[in-house]
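A.B. asks: Attaching a single structure in structure tokens format; questions to follow.
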2 protein chains.
Amino acid sequence: MNQKPNVYQDLFLNHLSLDCVVFGFHDSQLKVLLLRMKRTKDWALPGGFVKPDETFEVAASRVLKERTGLGDIFLKQFKIFSDPLRSQNNPIVSDLEEEKDKGCIEWFHQRFISVGFYALVDFSKAEPTPDFFSDQCSWKALDEVDALMLDHTQILTKALETLRLQLNYQPIGYNLLPDKFTMPELQKLYETILGKELDRRNFQRRMLSYGILNKLEERKTGGAHKSPFLYEFNLGNYQKALQVGLYGGW
Amino acid sequence: MNQKPNVYQDLFLNHLSLDCVVFGFHDSQLKVLLLRMKRTKDWALPGGFVKPDETFEVAASRVLKERTGLGDIFLKQFKIFSDPLRSQNNPIVSDLEEEKDKGCIEWFHQRFISVGFYALVDFSKAEPTPDFFSDQCSWKALDEVDALMLDHTQILTKALETLRLQLNYQPIGYNLLPDKFTMPELQKLYETILGKELDRRNFQRRMLSYGILNKLEERKTGGAHKSPFLYEFNLGNYQKALQVGLYGGW
DNA sequence: TATCATTGCGTCATACCGACACAATAATAA
DNA sequence: TTATTATTGTGTCGGTATGACGCAATGATA
């Protein structure tokens, strides 16, 4: 979608769309990747459509490759949004009307259901790239996000809610942090996602008990105080925890 | 879909379908509602399509109303299945070919994505009813379920997996048990869903600690041994637990 | 050299959980 | 009528996880 396809109906399947809530972590803040629409300047989630030979997962990967330059992104579908009126009044249409592009307008006038994905990416490695309908693609801290296009605010909210829930039985951080990181950094990530502060000492104890961290000999220097140890994820245990979960529960 | 609509393309949206995994509890067994295809005798999940004015949730409710006679069913979407090849070789088509119904065959030859729902219903109140393509609609215990049509086995497996996960932070039982029930019955439900046995005494302690049960004065008589107390769900707390979750987690 | 926020490591009381003991009960068999 | 037996109600006990907090060590800055 870097170039405007004049042939949506030939390229993509009717009614099907997807939207991605891309999370990144930077400056002790949880950020989301957003697009700004060309004419209306509305902000929107990166999204796209599905080709005849794609699963939704593949389509989402393709879209995120275009928007961030990254491949092999952590991606998870969390909900499907199917309100019959959700895709009405798409600001994209008003952009297109200026160009009198009939076929294209028709495509965007149809009803779309949207599969919501959330993605976790390394902030420093992503290269935000606008699509054809937007003039800007950039990271926004969660508390800077105003009203979004269509039902995208609702999608973002649900994604965050899901992420918070998953935190309880899934490891997180491998996709959001650099390879080596300190315990305070990891804690800050958790605190940002949860939106509340945690006890430093209890966090460390619990985190270490999961067995998904390797403590390194190095320390992170340069900070203005006592230099903390560096950690890395134990990928084997991390992957295992992703599948089995962190707690047995029942 | 009790009658065969000759006008799918006018009634429903292209590419969109849904499948429901309907769970019921009876005879200390977890059962699933299945349909048997008329000609091929393949077993399948109850499913359907989406009308232009429906959300997926509304469409699923409509389908389940037709298959069970029940309204206001506990319903939850858990995953969308979008393999491009998933809806190939639909046995329904071979049924239709006998009738040389061209338009109808075309409809079923298109690629469908399917939103998976799972539903929890009161076994005793449901009235299984086949649709136009099936000659039988009946409950099957989980271990009696053989290979299902298309990717329906995969859908069923994922539904069960989701249900087991949800058990950890959501109350369950209100939709599956009669109004009054005993602690052993509730435990049996948990054991059946989880596929493993639990300690009677620890189960009771944990269950009561949730605060979602009212202990009644009555006992259940007629059993061959000591008569157990009856319980009912405390609906207020139950609903609250559904939203907030059973455990704080982080 | 003193200051001070930050970090590493530890303590303590409490809650919770798994495993298990024992008496009470209700239908059935003797 | 009485003994048997499987089941249920209630409680205990030790181990473990959790929340709240103490204190000394560190490393840049003043």
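A.B. asks: Which pairs turn up if I take residues in the range A:231-250 that are within 16 Å of DNA strand D (Cβ to nearest atom) and look for partners that are β-branched (Val, Ile, Thr) with beta carbon separation below 6 Å, at least 6 apart in sequence or on another chain?
C.D. replies: Qualifying pairs under 6 Å: A:237/A:212; A:241/A:212.
A.B. asks: Residues in the range A:188-209: is at least one touching a strand residue (DSSP E or B) at 6+ places or on another chain (Cβ under 7 Å) and loosely packed, with under 15 Cβ neighbours inside 10 Å?
C.D. replies: So far as the range A:188-209 goes, no, none of its residues is touching a strand residue (DSSP E or B) at 6+ places or on another chain (Cβ under 7 Å) and loosely packed, with under 15 Cβ neighbours inside 10 Å.
A.B. asks: Right, next: Looking only at the range A:167-185, which residues are within 16 Å of DNA strand D (Cβ to nearest atom) and either of a type in the set (S, T, N, Q) or within 15 Å of residue A:29 (Cα to Cα) (or both)?
C.D. replies: A:168, A:170, A:182, A:184
A.B. asks: Could I ask something else about it? Of everything in the range B:58-92, what is within 9 Å of chain A (Cβ to nearest Cβ), in contact (Cβ under 8 Å) with a residue 60 or more places away in the chain and either over 20 Å from residue B:157 (Cα atoms) or within 14 Å of the chain's Cα centre (by Cα) (or both)? Give them in sequence order.
C.D. replies: Correct list: B:79 only.
A.B. asks: Could you tell me which of the residues A:150, A:120 is closer than 28 Å to residue A:238 by Cα and of a type outside the set (Val, Ile, Thr)?
C.D. replies: Going through A:150, A:120 in turn, the sole match is A:120.
A.B. asks: Kindly indicate whether residue A:219 is away from chain B (no Cβ under 14 Å), within 8 Å of DNA strand C (Cβ to nearest atom) and under 28 Å from the mean Cα position of the chain (by Cα).
C.D. replies: no
A.B. asks: Residues in the range A:18-57 that are over 15 Å from residue A:114 (Cα atoms), in a strand (DSSP E or B) and more than 10 Å from the chain's Cα centre (by Cα): how many?
C.D. replies: 8
A.B. asks: Exactly one condition in (1) hydrophobic (A, V, I, L, M, F, W, C); (2) in a loop (DSSP other than H, G, I, E, B); (3) within 27 Å of residue B:193 (Cα to Cα) is false for residue B:13; which is it?
C.D. replies: Among (1) hydrophobic (A, V, I, L, M, F, W, C); (2) in a loop (DSSP other than H, G, I, E, B); (3) within 27 Å of residue B:193 (Cα to Cα), residue B:13 violates only (3).
A.B. asks: Cβ-Cβ under 7 Å, sequence separation 6+ or interchain: first residue in the range B:148-162 and in contact (Cβ under 8 Å) with a residue 12 or more places away in the chain, partner β-branched (Val, Ile, Thr) and crowded, with 21+ Cβ neighbours inside 10 Å. Which pairs?
C.D. replies: Here the result reads B:155/B:21; B:156/B:21; B:156/B:32; B:159/B:21, each pair linking the range B:148-162 to a residue that is β-branched (Val, Ile, Thr) and crowded, with 21+ Cβ neighbours inside 10 Å.
A.B. asks: Of the residues that make up the range B:196-206, is at least one on the phi < 0 side of the Ramachandran plot, at pLDDT 95 or above and away from DNA strand C (no atom under 13 Å from the Cβ)?
C.D. replies: no
A.B. asks: Between B:177, B:235, which is loosely packed, with under 12 Cβ neighbours inside 10 Å, more than 14 Å from every other protein chain (Cβ to nearest Cβ) and away from DNA strand C (no atom under 16 Å from the Cβ)?
C.D. replies: Step by step, each of B:177, B:235 is checked, and only B:235 is loosely packed, with under 12 Cβ neighbours inside 10 Å, more than 14 Å from every other protein chain (Cβ to nearest Cβ) and away from DNA strand C (no atom under 16 Å from the Cβ).
A.B. asks: If you don't mind, there's one more thing I want to ask. So which residues in the range B:211-230 are in contact with a strand residue (DSSP E or B) (Cβ under 9 Å, 6 or more places away or on another chain) and away from DNA strand D (no atom under 11 Å from the Cβ), if there are any at all?
C.D. replies: B:212, B:213, B:214, B:217 - these are the residues of the range B:211-230 that are in contact with a strand residue (DSSP E or B) (Cβ under 9 Å, 6 or more places away or on another chain) and away from DNA strand D (no atom under 11 Å from the Cβ).
A.B. asks: How many residues does the range B:136-170 contain that are among the aliphatic types (A, V, I, L, M), under 24 Å from residue B:242 (Cβ atoms) and surrounded by 16 or more Cβ atoms within 10 Å (Cβ to Cβ)?
C.D. replies: Going through the range B:136-170 one residue at a time, the tally reaches 6.
A.B. asks: Name the single residue that is farthest from the other protein chains (Cβ to nearest Cβ) among those in the range A:14-33 being surrounded by fewer than 24 Cβ atoms within 10 Å (Cβ to Cβ) and either of a type in the set (D, E, K, R) or free of Cβ contacts under 8 Å to residues at least 60 places away in the same chain (or both).
C.D. replies: A:27
A.B. asks: I'd like the full set of residues that are over 24 Å from residue B:142 (Cβ atoms) and more than 14 Å from chain A (Cβ to nearest Cβ), limited to the range B:34-56.
C.D. replies: B:38, B:39
A.B. asks: Show me the helices (runs of 4 or more DSSP H) found entirely inside the range A:70-167 where at least 1 residues are closer than 19 Å to residue A:13 by Cβ.
C.D. replies: By residue number, A:91-99, A:102-109.
The values are calculated or read from the model by the stated rules, or taken from the named source; none is laboratory data. Note that the structure is predicted; figures quoted are calculated from it, not measured. Don't worry about glycine lacking a Cβ; one is built from the backbone with ideal geometry, like all the others, and counts go over all protein chains shown.
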